[in-house]
1. What are the pairs with Cβ atoms under 6 angstrom where one residue, in segment 378-398, is of a type in the set (D, E, K, R) and the other, located anywhere, is in a loop (DSSP other than H, G, I, E, B)? Sequence gap at least six, or different chains.
2. Looking at the structure I just gave you, is Lys131 in contact with a helix residue (DSSP H, G or I) (Cβ under 8 Å, 6 or more places away or on another chain), buried (at least 20 other Cβ atoms within 10 Å of the Cβ) and of a type in the set (D, E, K, R)?
3. Do the conditions hold for Thr26, that is, is it surrounded by 21 or more Cβ atoms within 10 Å (Cβ to Cβ), within 30 Å of Ser156 (Cα to Cα) and among the hydroxyl-bearing types (Ser, Thr, Tyr)?
4. Val132 - would you say it is touching a Phe, Trp or Tyr at 6+ places or on another chain (Cβ under 8 Å), modelled with pLDDT of 95 or more, among the β-branched types (Val, Ile, Thr) and outside any helix (DSSP H, G or I)?
5. Go through (1) at pLDDT 95 or above; (2) more than 28 Å from Ser401 (Cα to Cα); (3) open to solvent by 20 Å² or more (accessible area, probe 1.4 Å) one by one and return the number of the condition Pro159 breaks.
6. In segment 239-248, which residue that is surrounded by fewer than 24 Cβ atoms within 10 Å (Cβ to Cβ) and not hydroxyl-bearing (Ser, Thr, Tyr) is farthest from Asp226 (Cα to Cα)?
7. Find the residue count for segment 324-353, including only residues that are open to solvent by less than 10 Å² (accessible area, probe 1.4 Å), more than 15 Å from Val377 (Cα to Cα) and among the small types (Gly, Ala, Ser).
8. Just give me the residues in segment 98-113 being surrounded by fewer than 23 Cβ atoms within 10 Å (Cβ to Cβ) and within 14 Å of Gln79 (Cα to Cα), in sequence order.
Amino acid sequence: MTKCNSGNAKLDAAVESWLKHDKNPTTRQEVLDDIANARWEKLEGCMLQRLKFGTAGLRGRMAAGYKCMNDVVVLQTAQGLLSYLKKVCHQSQLRNGIVVGYDGRHNSKRFAELTTKVFISASIPVHLFSKVCPTPFVSFATIMYGAGAGVMVTASHNPREDNGYKVYWGNGSQVIGPHDDNILDEIWQCLDIPDDHWNIDEIRNHELVKDCTVEVCNKYNEYIRDSLHHDVREVNKQTCVRTVYSAMHGVGYEYVIKAFEAAELKEPLSVREQQDPNPDFPTVIFPNPEEKECLELSKKLAEDNGIKLVLVNDPDADRLAVAEYDESKKSWKVFTGNEMGSLLGWWMLEQHSKISDDSDVYLLASFVSSKMLKAIVKGRGYFVETLTGFKWMGNTTLVLSQQDKKTLFAFEEAIGYMCGSQVPDKDGVSAAVQVASLASHLYSSGTSLSEQLQVLYSQFGYHVSHNDYYICHDPAIIQKIFRRIRNYHGSGVYPKKVGSCEIVHINDFTQGVKIPEKATGEAHLKVIGTGLDQEYKNGEMITFRCDNGLSVTVRTSGTEPKLKYYTELVCTASTQREQEEMRRKLEIMVKEFIEELLQPKENGLIE
């Protein structure tokens, strides 16, 4: 075996252990080349740290090393997951097996089949999709089969160089603590890879491997049909609203077509250039539908065909971007996640009121999302806030269901929506159906999504948001920024005023500090499982509320080197002119906050 002589005994041991395990010729050669060219710094970066469970699993660049996504890391992760499930799951769940799905990225199918091999080698059945599938289908199938867990190989909307490994618990929700930490601990005990785990040539023919694709799709589309009131399906059928749909080079196309059929919606016109899975994402720089340029092909196709509604999934079809053409302005309105979350929340309440006068229903949002949904829900149900991320909203939904409480809807500002509780995760397929159904309802009565949003503003107040982020690769700078905020007027004294904004409430989640101390400023109910009901360990997060209706939250990302900020201004603004003025005011106030508290130039933050 090739010896690594870097001069760092720890690195040498890690590299030699890697070469002992790795049977993939590509990643193995990558490491051998690094040794031959003495790329010790590169090897230190990828060999001396391990990918941690972030968003309910792993996500990283595809390359050699324990810090990247590759065969070795996937096999060791699957072995650790298997070992943990065997310790904590009931035998009936293990007999029901696990669910494994994958997206269209490079190596996704291979990672899924390697995972499958680990489980069937332990005589545990695997429900394996025979082709690419949407991420929410794995959540749905995990519940459907009563499985011990679900694994989805995907990096969602990350760059083309990345892949990921998303883990669902047996309840169909993304893994949270303590399971995520326990799985990671278990991986450390399962690093040796048996030679047989590399052999996946006949994996599809194994008696313990079941192709679940058709069965899951059929059941999912039954759920889609049943989720819509008969009157809604009838309007869908009669109105025949035309839409343009893009799968963003991902998995969504055929699944959305079938879901639209189940909802009696007219088949959408597909953006052909982005219709089929393509791991190189050739028409976009980043395959993230939050990026405006990702919608250009869709909007052009819509304009060419006289269509005014555009729906775009991200590559694993768990998120949804929506745009609508405004005839009066001759321009496109691209809805933010906060705007569409408010519209969909209202729509789900409207549908519920058709079948029941029960107001004991729950609608959820992440803490950094708009508070408009809270205003809409008042008197018609309950509003609950969770920590950022659908793993919290999914688990909160399940906690509520155990108390016989119904969750109608959940959303996060990053264009993620959960329309119902059968999939306790964000679901871009069902969201596309609900948006198209809402549009059918509105268009049939001579109005639009944009006009309905204005109606909601007039009823519940104008809520305008401005969210963005900076890149920061140096943890010391992050610490410096937050240390300065916490000692702004001396030791332990936080800012009292920024620019023209008087700060009336501060919640420092990381330090557990609230100012004033007895303030009950949180809008969330004290529901167990939200993540807000426990000590905050997800990095840094501080929220400021001001006397003029402005709120600002600054937080670090759990998965990326990002310093994010979320802002919202709540005010009265009934005309377009007044709303534009409020937007400008918000931008000025946000600029004051960011320049004063984050000091981007002084700290070398990258926009």
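1. Here the result reads Arg380/Ser359; Glu385/Phe367; Glu385/Ala523; Glu385/His524; Lys391/Ala56; Lys391/Ile176, each pair linking segment 378-398 to a residue that is in a loop (DSSP other than H, G, I, E, B).
2. Spelling it out, it is not the case that Lys131 is in contact with a helix residue (DSSP H, G or I) (Cβ under 8 Å, 6 or more places away or on another chain), buried (at least 20 other Cβ atoms within 10 Å of the Cβ) and of a type in the set (D, E, K, R).
3. Details: surrounded by 21 or more Cβ atoms within 10 Å (Cβ to Cβ): no; within 30 Å of Ser156 (Cα to Cα): yes; among the hydroxyl-bearing types (Ser, Thr, Tyr): yes.
Against the criterion (surrounded by 21 or more Cβ atoms within 10 Å (Cβ to Cβ), within 30 Å of Ser156 (Cα to Cα) and among the hydroxyl-bearing types (Ser, Thr, Tyr)), Thr26 does not qualify.
4. Numbers: touching a Phe, Trp or Tyr at 6+ places or on another chain (Cβ under 8 Å): yes; modelled with pLDDT of 95 or more: yes; among the β-branched types (Val, Ile, Thr): yes; outside any helix (DSSP H, G or I): yes.
Judged against the criteria, Val132 is a match.
5. (1)
6. Looking at the filtered set, the residue picked out is Arg242.
7. Total meeting the criteria: 1.
8. Glu113, the sole residue that qualifies.
The values are calculated or read from the model by the stated rules, or taken from the named source; none is laboratory data. These numbers were taken from a predicted model, which means no experiment stands behind them. Don't worry about glycine lacking a Cβ; one is built from the backbone with ideal geometry, like all the others, and counts go over all protein chains shown. Quick note on the areas: whole protein, heavy atoms, side chains included, nothing else; ligands and nucleic acids left out. Shrake-Rupley method; radii C 1.70, N 1.55, O 1.52, S 1.80 Å.
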